Amino acid sequence: TEVPTMAQLVGPLRKELADSLFSCRVLVVGAGGIGCELLKNLVLTGFKNIEVIDLDTIDVSNLNRQFLFQKKHVGKSKAQVAKESVLRFCPSANITAYHDSIMNPDYNVEFFRNFQLVMNALDNRAARNHVNRMCLAADIPLIESGTAGYLGQVTVIKKGQTECYECQPKPTQKTFPGCTIRNTPSEPIHCIVWAKYLFNQLFGEEDADQEVSPDTADPEAAWNPADAAARATASDQDGDIKRVSTKEWARSTGYDPVKLFNKLFKDDIMYLLTMDKLWKKRKAPLPLDWTEIQQIESSQEEACGTGLKDQQVLGVQGYTQLFRRSVETLRSQLIEKGEGAELVWDKDDPPAMDFVTAAANLRMNVFSMNMKSRFDVKSMAGNIIPAIATTNAVIAGLIVLEALKILNSDFDQCRTVSLRSQSNLMCTRPLYVQIEDGKGTILISSEEGETEANNNKFLSDFGIRNGSRLQADDFLQDYTLLVNVIHSEELEKDVEFEVVGDAPDKAPAPSAPEEGKNIANGNKDSAQPSTSSKAAAEDDDVLIIDSDEEPSSSTMEASPESSNRKRKHHDADDAASKRKRLDQQPADDDEDIIALD
Amino acid sequence: MTDNKTSKEQKYDRQLRLWGDHGQETLENAHVCLINATATGTEILKNLVLPGIGVFTLVDGHKVSGEDVGNNCVSITIFSKPKVTYMLNDVVLILQNRAQAATELLQELNSDVSGNFVEESPDKLLDNSPEFFHRFSLVIGVQLPESTYLRLGSVLWEAGVPFLICRTYGLIGYMRLIVKEHTVVESHPDNALEDLRLDQPFTELKHHVESYDLDNMEKKDHSHTPWIIVVAKYLEKWYSEHNSQLPKNYKEKEAFRKLIREGILTNENGTPEDEENFEEAIKNVNTALNPTKVPSATEDIFNAEQCENITSQSPSFWVIAHGVRDFVRNEGNGKLPVRGTIPDMIADSDKFIKLQNVYRDKAMKDAAVVSKHVEALLQSVGKPPESTSEQEIKLFCKNAAFLRVVRCRSLAEEYIVSVSIASCMDSTDSEMVLYLMLRSVDRFYQQHSRYPGVYNYQVEEDINKLKLCVNSLLQEYSLNVNVKDDYIHEFCRYGAAEPHTVAAFLGGSAAQEAIKIITHQFVPFNNTFLYNAMSQTSATFQL
């Protein structure tokens, strides 16, 4: 049952490569659609030491493509079952499975340094950003990949040689997996999509793809029989609601806002709570109760946010009222239209929009998220990403080909491969793209009047966020300082920013430009645990050199030096040695690196 | 039963979004034959079983056993073994006559799919009962020798059964589709223009536009008027000043945009209000004013012989195409049936829904007229009107601008004329050279009953032998092209191996094409696909 190696398959692959397949350790992040295919391809190509990590459990909707899983595995750990299934056909492989989030701090830079190669098979940007940064920090090559329907892409990321995952701005993600919507929302958009679905389930055209109730086929349902009883009780509280469609049930209550509210935000949530596996690594939702909310002193609740009414964020009570009002309006609209009528959701229809705003925000509250204004809710929407076996198979094949090139140190052979829709056409482009030198936006200038307009703006107005780098130039001293901005939620009261890392000798004493205020108020999506921030020196020109760049990576590309110079410094360019170097060379062309680990 | 339906819906949720319930249904009614359970073959089969193909029949004469290792087929058997073991345990076991266990294992992969096995080589089947292959929706031949795929190709061509040839040869992937005629209603174009008819508004649309009076409107209504109405209104204005000619070029369109911009309401200070619908109108000028016409691909379909001569045997695609053609030439005044959909836009719900209904109602009316034509046509060839459904006609009308017919050349034609080989060899590294190399290794196989380089000790002498094959091929086709020695060395090096990563790539691609062919959705490639795993490039040729 020995599996032939790539060396056997394509005789001419160098012996060193063949050997390295046996000896190297690789990390596969994600054991889903791409991950299953990838694990198979890896062992069949001769990779021996593989570690795989995935937070998820197996869902029925995975089975149309994630071939390592079968019906009997529903509810079990993806990583663990994937490992077992692979070992069935390749017992000699040495596979370690982690049922965990890669973003868990246990998987630190040291962990990443255990591998010769990391392969992403992920489905969300936060984790992709995180792994990207970890691989850059550890200087381990990363193969990034993704599919959506018939589209797919594979990219090699190597510190100092290629673009990294975050070098190019990404459009806002708009599509989400169904179980995230129904059971485990983690971002406001999940709740907004859910609320839109809910609108259709209640008032519009019912769509089986737009279920809003807890996913009863969820892994854990079949997985822990002891829960079944508890769950039955929970659902019985509301009579037979599970057996009729949401719409029929709502109609039978006469679209009673209180009953609807209690079903959606109390009973369904309590039902979700019985799926305790879901909440082991997540914060459990907190059910809302209509009566209790009515008792809140209205004076305690004040709308926050300024400006237009639409841009204010109401409190739970405010949204509860909005929910009631919008349900009542929509109900009368429905009655007006007569028997069997349906409403069409339209973002520009006030009661429909009010309904979605209210329902989404109440759900955000249940799942402990910061609520959003009507304005923000309106600008967000989404669908589910289609996924099929074929595209994943193609992409996983491509990943291993790139992996072989990396192990062979053929970085110049590496390609970014895009699979275009429908047709089998691929377009490829060579990777050796230098990191962009930035847009040259001047933030603060000592030149009078030049940047006055910026004084009242926030850093975020310039797209500066966690990981942005600012370049401060003092032309008189011919002194350049690079500042890595890191987002922090944990600053003490009244502390606007904090400088970490060793300040270079010649640096002017740091002082706070007005922008500093907003540092702790920035990007909440950051994948990186952060410690502090550093503001630029007063009166210096501050230039955003690359707002999308990762803090500790490729610093050489960012500095305005010749490429020879970049190479020279390259080997010293890891987090540990950086600080040391800063101590020794406080002279010009220095960088202030803020520790990340 | 409903339980089963729900569980299927859950399981297939992510793919239903691509090809819909009706696509899934076609898939579940399909019967696919796959020849040879090699790495590539099993990958393809896996990718068809997972999304729920109805039935498959596996034809494989190779026995997988230790003895096979070391014979001429070393590369095939050694690499198929582990793959077979992991995914199609059933196959291995069947080949070893362990049917019971096989069925169980297959159920694990997808219990909705049923599989059959024929432990026979395709050549034997072709000798004894070529009609065996007639029953399938699609035949996929994997790693077949040239003589076999040529024979099978001609049998399937005659029977009208689509045939997909797949081959992983070292770091090269090859697919060839052979189908006489493949019709596609839902081609799912990437960037389809909307069908708004602003240049030639139908009566109902005209009336609807007339019901708006932009000059005497509350501000709220003015800024919630759908942009389609805005464009239509200003087009009238434009016509009166421009001899009833559409703005055609960039300059005219700019002027037209300016005209719309001037219509934005201003406040008491004379500054323009923020009217997003007008901004949308300005943004959409370019595509919205595209002249309405029948696309050439659809025109070609109307003019095809199959559309002209409808018989009782004509597939419904052609019958409906004829009906739509009749519509275009009569009631449609040269235009296709209205599609009936409009894009999302800034407008209040009431106005939007009213406008949407104008288009939707017209689409239904047009489809009803097409139905009448189809009905008459069916009657004239003695078929009952029920033989095409209302649903089918509506879908056809909605997609009338995107219809596709794929006609591949047969293998026989490919082997007689070398139409485009020389012209595609624009560089010595064109993927076309891979095609020539595959033809050459086939020639090698014909002469030596083995592929070049399968034994290490023979690689050197095989290089020269393969070179002779390349030259004789080029001579035979009078091709004045240069095949670099590097390629000859490379192909000897491959030793006909089937590396798994390449097999995985090709397995995914082939299954995807198979699904396109089965569901008649999306447009399959025509007719030769080559993939180079070293350079990560691919190309499609019509050979």
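The values are calculated or read from the model by the stated rules, or taken from the named source; none is laboratory data. Please read all numbers here as calculations on a predicted model, not as lab measurements. Cβ coordinates were reconstructed from backbone atoms using ideal geometry, including for glycine residues, and neighbour counts include every protein chain displayed.
Let's see how each residue does on (1) surrounded by fewer than 22 Cβ atoms within 10 Å (Cβ to Cβ); (2) outside any loop (DSSP other than H, G, I, E, B):
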{"site": "A:ALA79", "(1), (2)": "no, yes"}
{"site": "A:ARG88", "(1), (2)": "yes, yes"}
{"site": "A:SER92", "(1), (2)": "yes, no"}
{"site": "A:ASP100", "(1), (2)": "yes, no"}
{"site": "A:ASP106", "(1), (2)": "yes, no"}
{"site": "A:MET119", "(1), (2)": "no, yes"}
{"site": "A:ASN132", "(1), (2)": "no, yes"}
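So which residues in the range B:261-274 are of a type outside the set (A, V, I, L, M) and either under 47 Å from the mean Cα position of the chain (by Cα) or in a loop (DSSP other than H, G, I, E, B) (or both)?
B:ARG261, B:GLU262, B:GLY263, B:ASN267, B:GLU268, B:ASN269, B:GLY270, B:THR271, B:GLU273, B:ASP274 - these are the residues of the range B:261-274 that are of a type outside the set (A, V, I, L, M) and either under 47 Å from the mean Cα position of the chain (by Cα) or in a loop (DSSP other than H, G, I, E, B) (or both).
Against the conditions (1) more than 38 Å from the chain's Cα centre (by Cα); (2) farther than 23 Å from B:LEU336 by Cα; (3) of a type outside the set (Gly, Ala, Ser), where does B:ILE282 fall short? Just the number, please.
For B:ILE282, the exception is condition (1).
Just checking, how many residues over the range A:29-52 are closer than 15 Å to A:SER145 by Cα, part of a strand (DSSP E or B) and not β-branched (Val, Ile, Thr)?
Number satisfying all stated conditions: 0.
So is B:ARG176 within 30 Å of B:GLY23 (Cα to Cα), assigned to a strand (DSSP E or B), of a type in the set (Lys, Arg) and within 14 Å of another protein chain (Cβ to nearest Cβ) or not?
Against the criterion (within 30 Å of B:GLY23 (Cα to Cα), assigned to a strand (DSSP E or B), of a type in the set (Lys, Arg) and within 14 Å of another protein chain (Cβ to nearest Cβ)), B:ARG176 qualifies.
Looking at B:THR501, B:THR519 in this structure, which one is surrounded by 19 or more Cβ atoms within 10 Å (Cβ to Cβ) and without any contact (Cβ under 8 Å) to a residue 40 or more places away in the chain?
B:THR501
Any residue in the range A:53-70 that is within 26 Å of B:PRO499 (Cα to Cα), assigned to a loop (DSSP other than H, G, I, E, B) and away from chain B (no Cβ under 14 Å)?
Checking the range A:53-70: not a single residue is within 26 Å of B:PRO499 (Cα to Cα), assigned to a loop (DSSP other than H, G, I, E, B) and away from chain B (no Cβ under 14 Å).
For B:ALA376, only one of the following conditions fails: (1) away from every other protein chain (no Cβ under 14 Å); (2) closer than 26 Å to B:ARG197 by Cα; (3) among the hydrophobic types (A, V, I, L, M, F, W, C); (4) part of a helix (DSSP H, G or I). What is its number?
All conditions pass for B:ALA376, except number (2).
When B:GLU461 is evaluated against the numbered criteria (1) free of Cβ contacts under 8 Å to residues at least 12 places away in the same chain; (2) within 14 Å of chain A (Cβ to nearest Cβ); (3) of a type in the set (Asp, Glu), which criterion, by number, is the only one it fails?
Only one criterion is unmet by B:GLU461, namely (2).
State yes or no: is A:ILE140 part of a loop (DSSP other than H, G, I, E, B), away from every other protein chain (no Cβ under 14 Å) and within 23 Å of A:SER20 (Cβ to Cβ)?
yes
Going through the range B:442-477 one residue at a time, which ones are in a helix (DSSP H, G or I) and within 15 Å of B:TYR169 (Cβ to Cβ)? Give the steps one after another, and end with the answer.
Initially, the range B:442-477 is screened for residues in a helix (DSSP H, G or I), giving B:442-448, B:456-476.
B:ASP442, B:ARG443, B:PHE444, B:TYR445, B:ASP462, B:LEU466, B:CYS469, B:VAL470, listed by residue number.
Listed residues B:ILE178, B:ILE228; which is modelled with pLDDT of 95 or more and in contact with a Gly (Cβ under 6 Å, 6 or more places away or on another chain)?
B:ILE178
Just to be sure I understand, how many residues within the range A:388-413 are in contact (Cβ under 8 Å) with a residue 12 or more places away in the chain, more than 9 Å from every other protein chain (Cβ to nearest Cβ) and part of a loop (DSSP other than H, G, I, E, B)?
1
Among the residues of the range B:489-523 satisfying the criterion of being within 9 Å of chain A (Cβ to nearest Cβ) and outside any helix (DSSP H, G or I), which is farthest from B:VAL406 (Cα to Cα)?
Restricting to residues being within 9 Å of chain A (Cβ to nearest Cβ) and outside any helix (DSSP H, G or I), the top hit is B:GLY495.
Given the condition more than 8 Å from every other protein chain (Cβ to nearest Cβ), among the charged types (D, E, K, R), part of a helix (DSSP H, G or I) and crowded, with 20+ Cβ neighbours inside 10 Å, answer yes or no: does some residue in the range B:479-488 qualify?
Scanning the range B:479-488 turns up no residue that is more than 8 Å from every other protein chain (Cβ to nearest Cβ), among the charged types (D, E, K, R), part of a helix (DSSP H, G or I) and crowded, with 20+ Cβ neighbours inside 10 Å.
Can you tell which of B:ALA297, B:ALA255 is assigned to a helix (DSSP H, G or I), at pLDDT below 95, among the aliphatic types (A, V, I, L, M) and closer than 22 Å to B:ILE228 by Cβ?
Numbers: B:ALA297 fails: closer than 22 Å to B:ILE228 by Cβ.
Just a single option satisfies the conditions, and that option is B:ALA255.
This table checks each residue for (1) outside the structural domain of B:GLY41 (by the TED database); (2) of a type outside the set (A, V, I, L, M).
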| position | (1), (2) |
| --- | --- |
| B:ARG176 | no, yes |
| B:GLU186 | yes, yes |
| B:ASP190 | yes, yes |
| B:LEU193 | yes, no |
| B:HIS208 | yes, yes |
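Determine, yes or no, whether B:ASN277 is without any contact (Cβ under 8 Å) to a residue 60 or more places away in the chain and in a helix (DSSP H, G or I).
no
Might you let me know whether the range B:391-413 holds any residue that is over 24 Å from the mean Cα position of the chain (by Cα) and either over 30 Å from B:TRP19 (Cβ atoms) or in the same structural domain as B:SER316 (by the TED database) (or both)?
No - not one qualifying residue is present in the range B:391-413.
Has the range B:412-428 got at least one residue that is within 14 Å of chain A (Cβ to nearest Cβ), surrounded by fewer than 19 Cβ atoms within 10 Å (Cβ to Cβ) and outside any helix (DSSP H, G or I)?
Among the residues of the range B:412-428, not one is within 14 Å of chain A (Cβ to nearest Cβ), surrounded by fewer than 19 Cβ atoms within 10 Å (Cβ to Cβ) and outside any helix (DSSP H, G or I), which makes the answer no.
Exactly one condition in (1) surrounded by fewer than 22 Cβ atoms within 10 Å (Cβ to Cβ); (2) modelled with pLDDT of 90 or more is not met by B:LEU27; state its number.
(1)
Which of the numbered conditions does B:LEU88 fail, given that it passes all the others? Conditions: (1) modelled with pLDDT of 50 or more; (2) over 25 Å from B:TYR445 (Cβ atoms); (3) of a type in the set (A, V, I, L, M).
Unmet for B:LEU88, out of (1) modelled with pLDDT of 50 or more; (2) over 25 Å from B:TYR445 (Cβ atoms); (3) of a type in the set (A, V, I, L, M): (1).
B:GLU498: closer than 19 Å to B:GLY141 by Cα and among the acidic types (Asp, Glu), yes or no?
Yes: the conditions hold for B:GLU498.
So B:VAL441 clears everything in (1) closer than 30 Å to B:PHE163 by Cβ; (2) at pLDDT below 95 except one condition, right? Which one?
Failing condition for B:VAL441: (2).
Mind checking which residues of the range A:339-357 are surrounded by 15 or more Cβ atoms within 10 Å (Cβ to Cβ) and more than 11 Å from chain B (Cβ to nearest Cβ)?
A:ASP354, A:PHE355, A:VAL356, A:THR357
Kindly evaluate B:ILE228 against the criterion of being outside the structural domain of B:PRO337 (by the TED database), touching a residue at least 60 places away in the same chain (Cβ under 8 Å) and either among the β-branched types (Val, Ile, Thr) or assigned to a loop (DSSP other than H, G, I, E, B) (or both).
On the way: outside the structural domain of B:PRO337 (by the TED database): yes; touching a residue at least 60 places away in the same chain (Cβ under 8 Å): yes; either among the β-branched types (Val, Ile, Thr) or assigned to a loop (DSSP other than H, G, I, E, B) (or both): yes.
Yes: the conditions hold for B:ILE228.
Does A:CYS167 satisfy the criteria of being closer than 30 Å to B:THR537 by Cβ and either assigned to a helix (DSSP H, G or I) or out of contact with any helix residue (DSSP H, G or I) (no Cβ under 9 Å at 6 or more places or on another chain) (or both)?
Yes.
Name the single residue that is surrounded by the fewest Cβ atoms within 10 Å (Cβ to Cβ) among those in the range B:186-208 being within 31 Å of the chain's Cα centre (by Cα) and free of Cβ contacts under 8 Å to residues at least 40 places away in the same chain.
Ranking the qualifying residues of the range B:186-208, first place goes to B:ASN191.
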